[in-house]
Every structure is written in structure tokens, then in C-alpha cells.
Amino acid sequence: MGSHGRYWYCEYHRGVIRPRTPRREQLGEFLGARRRSASRTALGLPLSARRSDTGLSREEVATLAGVSGSWYTWLEQGRDINVSRQVLVAVSRVLALTADETEYVLALAEQEAGPSAPDRDSVPVHLQRLVDALDFPAFVVATDWAIAGWNPRYAWLYPRIATLDVADRNLLWLIYTDPELREMLPDWARDSRRFLAEFRAEAGVRLGAPRHRALVDRLLASSLDFREQWSELEVSRFASRRRMFRHREEGLLAFDHHRLVPSDAVDLHVVMYVPAAD
């Protein structure tokens with residue numbers, strides 16, 4: 001049993017009740033989902049009459065990670081307990097988490113930080129000039145994926161952007177609620193899941209912030225597809241890749257999807273669709 005496991009085992013038997021926190025509840029929900037989908041045979045565990053190949057008990061995860069069962073239970077319950085990077089890496093290894101998922105877990109387990117800078121509703125002038133100078137579609141998103149600015153080529157690709165209400169001018173909202181944008185994506189099911197996994201990874205601890213929470217709640221109430229995909233708890237960091245769009249006049253178009261983070265505006269991301277060379 002690791003030192004953290006021994007410590008919290010004693011705390012448990014002394015009757016100390018640790019409060020839950022939103023970040024820890026988010027962490028516990030994610031770990032619980034991955035535990036229930038983990039492969040037993042991959043870990044050398046036998047099948048039983050009660051269990052198929054899928055799913056581990058909390059005690060099994062705790063034993064394999066070298067912590068106490070009570071400590072791991074508190075972790076999944078979202079309790080505000082002390083956790084070390086070493087222990088979380090061990091739990092992530094047992095659950096066969098990807099590198100992106102492990103990074104997500106470690107970020108959620110960090111000590112609560114002070115209030116973060118508020119999300120912007122506009123783009124700095126110098127950054128808008130940069131976007132306008134690009135001769136391919138580009139736009140700027142805030143941390144909650146609100147679209148704060150765009151260039152003429154993006155308006156050419158997606159004309160509705162200029163006439164949307166500000167409340168609806170959010171990339172994640174449009175992916176799940178705008179039939180025109182869905183029609184533009186030849187493989188909407190794949191693309192939407194990828195976007196959602198990236199949003200969860202990037203939002204991380206911000207998911208409890210008012211704007212992020214309001215967006216998620218609004219989508220949960222408005223989109224069955226979102227509700228189904230959100231429950232999958234997928235996490236994936238952004239990676240540049242080839243994207244296909246169906247343009248109303250030009251037909252099927254291929255772009256290389258890139259993104260940059262300005263050093264003087266790290267709360268904004270510039271999304272760029274560069275025409276594919278081949």
C-alpha cells in the first residue's frame with residue numbers, strides 16, 4: 001500500500017469526512033467510467049460468473065495501483081483528498097489510460113488554483129489583423145469555444161457566421177445544433193466526437209466555470225447526439241490533421257487543420273484551415 005493509501009486509510013477509520021469538490025467529482029466520474037470499461041484479461045485477471053472481460057472493481061484497481069481500497073473509493077467519490085502524481089500515474093497505468101487521458105487526470109487532481117482570467121468576448125486588434133491577412137479560412141475561439149473573431153475566407157466557407165446571434169456563436173454549439181454545418185461535414189459523427197474529446201481535454205478544470213457549465217447544460221438540453229457523446233467521456237488533445245468540408249458552391253474541399261496559441265493571448269486559439277496541397 002502506498003503512503004497516500006496508508007494515510008487516508010487511517011483518516012477514514014478516525015471518522016474524518018473529506019468534502020467533495022467539483023473538480024474531484026469530475027475526476028472521479030472519469031476514473032469510474034474508465035474502470036468499468038477496462039479489460040480484465042489485459043491485466044491478467046480471471047473472468048468470473050459475475051464479470052465478463054470488461055470492468056474492474058474498485059478494490060482490484062486499488063490493489064494493482066498499490067493503494068488502499070478506501071482511498072481509491074474516496075478518489076472516485078470526488079473527495080478532496082491528497083493525491084500524488086506518482087499514485088495517479090499508477091492508477092492511470094492500471095486503467096490503461098492514454099497519454100492525453102493521464103494528462104487530463106493529473107490536471108484535475110492539482111490543488112485548486114485562484115480564479116482564472118475571464119473569457120474574452122472580443123479579439124485584440126493586432127490578432128484580428130493577423131487573421132484578416134490570411135488568405136485561407138481562419139477564426140479565433142475563446143476557452144469555451146465561443147467564436148470571438150473570423151476572417152472573410154471563413155465567412156466564405158461558413159456564411160452563417162456573420163448573422164448568428166452572439167449567444168449561438170460557439171463552435172461546439174454549432175456542431176451539434178446547426179443543420180447547415182452538419183451538412184458541411186462529410187463524416188459528422190467522427191468529427192463531432194473528435195471535437196468533443198478535444199473540448200473536454202482543453203476545458204479540463206474549467207468545466208465547472210459558469211460559461212463552460214452553461215454551454216454544456218444548454219447542449220445537454222438541446223441535443224440528443226451531444227448527450228450520448230458527452231456520456232462517453234472521451235478525452236483527446238488537439239492534433240493537426242486533414243479535414244474535409246462540403247462547400248455549397250465548390251463541392252468537396254480538403255484542408256489541413258492547424259491551430260496556434262498567441263503568446264500574448266494564451267486564452268485564445270487561432271484555428272486555421274489551410275488548403276491541402278495534395
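A few notes on this one:
- Nearest 10 degrees, 0 to 90: helix 99-109 Cα axis against the chain principal axis: 70 degrees
- Shape descriptor for the chain: Rg over Rh equals 1.03 (Cα atoms; Rh from the Kirkwood inverse mean 1/r).
- Residue-normalised convex hull volume from the C-alpha trace of region 125-275: 115 Å³ per residue.
- Residue (of 92, 186, 122) at the positive-pole extreme of the chain, dipole from beta-carbon charges: 92
- When each of the peptides 206-212, 124-130 is scored by how many other beta carbons lie within 10 Å of its residues on average, the order from highest to lowest is 206-212, 124-130.
- Dimensionless Rg over Rh [region 105-211; C-alpha; Kirkwood]: 1.00
- Helix axis angle, 210-222 relative to the chain longest principal axis, alpha carbon, degrees: 80 degrees
- On Cα atoms only, tilt of 22-37 relative to the major axis of the chain in degrees: 80 degrees
- Note: relative contact order over the chain, using C-alpha pairs below 8 Å and six or more positions apart, is 16 percent.
- Assigned charges on the beta-carbon of Lys, Arg, Asp, Glu; region 203-277 dipole about Cα centre (debye): 40 debye
Every number in this text was worked out from the coordinates using simple rules, so none of it is lab data. Keep in mind it's a predicted model, so treat the numbers as computed, not measured. Cβ atoms come from the backbone with ideal geometry, glycine included; neighbour counts cover every protein chain shown.
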